[in-house]
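The values are calculated or read from the model by the stated rules, or taken from the named source; none is laboratory data. Computed from a prediction, not measured in an experiment: that's the story for all the values here. FYI the Cβ positions are ideal-geometry reconstructions off the backbone, even for glycines, and counts take in every protein chain you see. Ligands, DNA and RNA are excluded from the accessible area calculation, which covers all protein heavy atoms including side chains. Shrake-Rupley method; radii C 1.70, N 1.55, O 1.52, S 1.80 Å.
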Amino acid sequence: MKKASLLLILVLLSFSCKKEPKDPQVFNSQFDNYKNNFVEKLWKVYPDWATNQGFHKYDSVIKVPNADYRKEQVAFAESNLDSLKTYAIEQLSDNNVTDYYMIKNFLEGAVYSVNELKSYEWDPSSYNVCGSFAEILNGNYDSLENRLKSFNLKMDNVPAFYEAAKANVKNPTIEHTQLAIDQNSGGASVFTVDLVKFVGESKLSDTEKKAILEKSKKTVVAITDYVDWLKKLDNKTPRSFRLGKELFDKKFKYEIQSGYTPDEIYKKAVDHKTELHAKMFELADKLWPKYCATEIKPTDKLKVIKMVIDKISLQHTTPEKFQSEIEKQIPELVAYVKAKELLYIDPSKPLVVRKEPDYMAGVAGASISSPGPYDKNANTYYNVGSMSGWDAARSESYLREYNDYILQILNIHEAVPGHYTQLVYSNQAPSIIKSIFGNGAMIEGWAVYTERMMLESGYKNSDEMWLMYYKWNLRATYNTILDYSIHTKNMSKETAISLMINEAFQQQAEADGKWKRATLSQVQLCSYFTGYTEIYEFREALKKEQGDKFNLKKFHEEFLSYGSAPVKYIKELMTKKKAK
């Protein structure tokens, strides 16, 4: 009798404890509130990232990268992973489902980074304050005087920052050690040159000006001491720059967020390489009489391609005109995209071509620095690497790589309608989560996709342009082959350089630079081909499905409207929308 009564009580309790499903609108409103609180707390943990995104509440803060800070990062991640478990995915809107997964991916990646990857031990280049200070100086979000006050306060923790760096670094890689030396040495000009200029232009009192410049001297000493410490470091057992398959696969999962595994995308890249070689030989064979009529044609198809490419590559600008040539081409690309109705380009968002800052030097020759979602109207910078100090042979090799044809494709990729255009769209997306956790494979994949899309639309149509496009596309393809092979299959430098020169038809300077980049980064080189493949396959599937109803401009604008989310999520959202 007692057992029966107890059972009845438990049943009644279970019914009383069951919660009715919440109203979807209320539930999603609660999740939106969670996201807002999450982002506010995120910036407290990562103040430099906040500044980069245009959120300037914590501009004066530097986190000292010691063990306590790593505990803070892990605690933040684990706490929010627990919070996410309280939200039923099936009750979230499409937009919030994507945000949920992107937050979850970031948090799990943060734990992996601290507990498993541990790059804070072997990558000394991760310790560099120069970029975050430059962001403050070059911003236009507040008066110069207020920005300089934040700059001044931020300098207080710089000595402690670099002392923590010294305590963290254990058996670093030789490659990352040299990068740290180069970038910190060059970046010190933010304090010795740039700051002096801005302080002089400011309305601060003479006393304030003197105080900030005095403190900057201590900052430069801290940076210089770190550089000197690295130069003298007794590193008898340096870590290999190679990540290894287990760490590589996990990093790929968190950073790329692809529908493909690393093994699958590697195989696709190898297959695509073969397809490109066949197309390139057909064009090179056709162009042979025009460029190599006096030469004996080799029986090796790859040699035929290389000889024709080498001849065409002699058409290039000069080191002095390299940046101005880029500046000249941007408005031409904008006009073409408008005329062909490929995509709307917002004319109110400025793009500024500039010499690559010293604190960014050493990894890529051209890049885009875009404003964050909190500072949408700020300048987007197209950073162009300088050839200053290069000898004639190195400059010539570099310019042949970025010849008159390739330079146009580079500008499509970096500017219009590539990175610059996509990142403007991303900042207008309704979800700040998709902006701040922008997926690298989507961002790079879009830029690579636009190269092909522009040529398909008829841009500068010629056999030479298509041959050079295929050569450029081989670069993205080989990025994946190299990244995967170097970090998981122990590919040697000799083999990598040979592949880049003899199969990807790159110049020696470009091949040397790519090897260096592959030793300094992991997984990122996979993002180009992976994102491109997923976007192009999705577009082609829609074209096949919709037939004459497919509209390219509409596809582009809808695709970009979801922000910088992983392609697999954008694909799900667009497919679901069309199914309704």
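A few points about this structure:
- Carbon and sulfur %, accessible surface of region 508-580 computed with the full protein complex present, 1.4 Å: 51
- Separation in nanometres of the label points that stand 7 Å from Cα toward Cβ, at residue 546 and residue 576: 1.9
- Equivalent-ellipsoid semi-axes for region 473-520 (Cα gyration tensor, √(5λ), whole Å, largest first): 15, 11, 10.
- Shape call, region 267-332: gyration tensor on alpha carbons, a/c limit 1.5: oblate
- FRET efficiency estimate (nearest 0.05) - Cβ-Cβ, residue 207 to residue 457, R0 51 angstrom: 0.25
- With a simple spin-label model that places each label point 7 Å from the Cα along the Cα-to-Cβ direction, the separation between residue 193 and residue 377 comes to 3.1 nm.
- Projected-area mean, the chain, by convex hull of Cα positions, square nanometres: 33.7
- Surface exposure of region 454-547, expressed per residue as accessible area with a 1.4 Å probe, stands at 31 Å².
- Helices of the chain meeting both criteria, an alpha-carbon length of 20 angstrom or more along the long axis and an average Kyte-Doolittle score not below 1.6, with helices taken as full DSSP H segments, are 2-17.
- Contour minus Cα-Cα distance for residue 81 and residue 301 (0.36 nm per residue): 73.8 nm
- A straight chain from residue 498 to residue 174 at 0.36 nm per residue would run longer than the Cα-Cα distance by 114.4 nm.
- Under the simplified labelling scheme, the residue 246-residue 263 pair shows an inter-label distance of 1.7 nm, with each label point 7 Å from Cα along Cα→Cβ.
- Apportionment of accessible area to carbon and sulfur, region 370-468, percent (1.4 Å): 45
- By the compact-protein rule of thumb, 2.2 N^0.38 Å, the alpha-carbon radius of gyration of region 217-314 corresponds to a ratio of 1.91.
- The mean of 1/r over all pairs of different alpha-carbon atoms in region 464-580, once inverted, gives a Kirkwood hydrodynamic radius of 16.3 Å.
- Short to long, the 10 Å bins of the Cα pair-distance histogram for region 38-166 hold 11, 36, 32, 18, 4 percent of all pairs.
- Relative intensity, log₁₀ I(q)/I(0), of region 385-447 from a Debye sum that treats every alpha carbon as a point, q = 0.18 Å⁻¹: -0.74
- Take every Cα pair under 8 Å whose residues are at least 6 apart in sequence, average their separation, divide by the length of the chain, and the relative contact order is 16 percent.
- Each of 191, 511, 526 was placed along the dipole of the chain (beta-carbon charges, centred on the mean Cα), and the one lying farthest toward the positive end is 526.
- Remark: the Cα gyration tensor places region 415-529 in the oblate category, a/c being 1.5 or greater and a/b not exceeding b/c.
- When the pairs 471/568; 268/493; 35/57; 41/149; 203/349 are compared against a 20 Å limit on Cα-Cα distance, 471/568; 268/493; 41/149; 203/349 fall above it.
- Per-residue SASA remark: residue 150, around 30 Å² accessible (1.4 Å probe; ligands, DNA and RNA not included).
- Cα pair distances in region 444-502, grouped into 10 Å bins until the bin that holds the longest one, percent each: 20, 41, 27, 12, 0
- Bridge type composition, the chain - antiparallel percent by DSSP, nearest 5: 45
- In the chain, the calculated helix contribution to ellipticity at 222 nm averages -21000 deg cm²/dmol per residue, counting -39,500 (n - 2.57) for every DSSP H run with n ≥ 4.
- The alpha carbon radius of gyration of region 521-580, expressed as a multiple of 2.2 N^0.38 Å, is 1.21.
- Cα-based radius of gyration for region 100-164, normalised by 2.2 N^0.38 Å, reads 1.49.
- Note on residue 355: aspartates and glutamates with a C-alpha under 16 Å away, same-chain residues under 8 apart excluded, are 135, 194, 320, 325, 327, 414.
- Hull-based mean projected area of region 97-238, where the convex hull spans the alpha carbons, in square nanometres: 10.5
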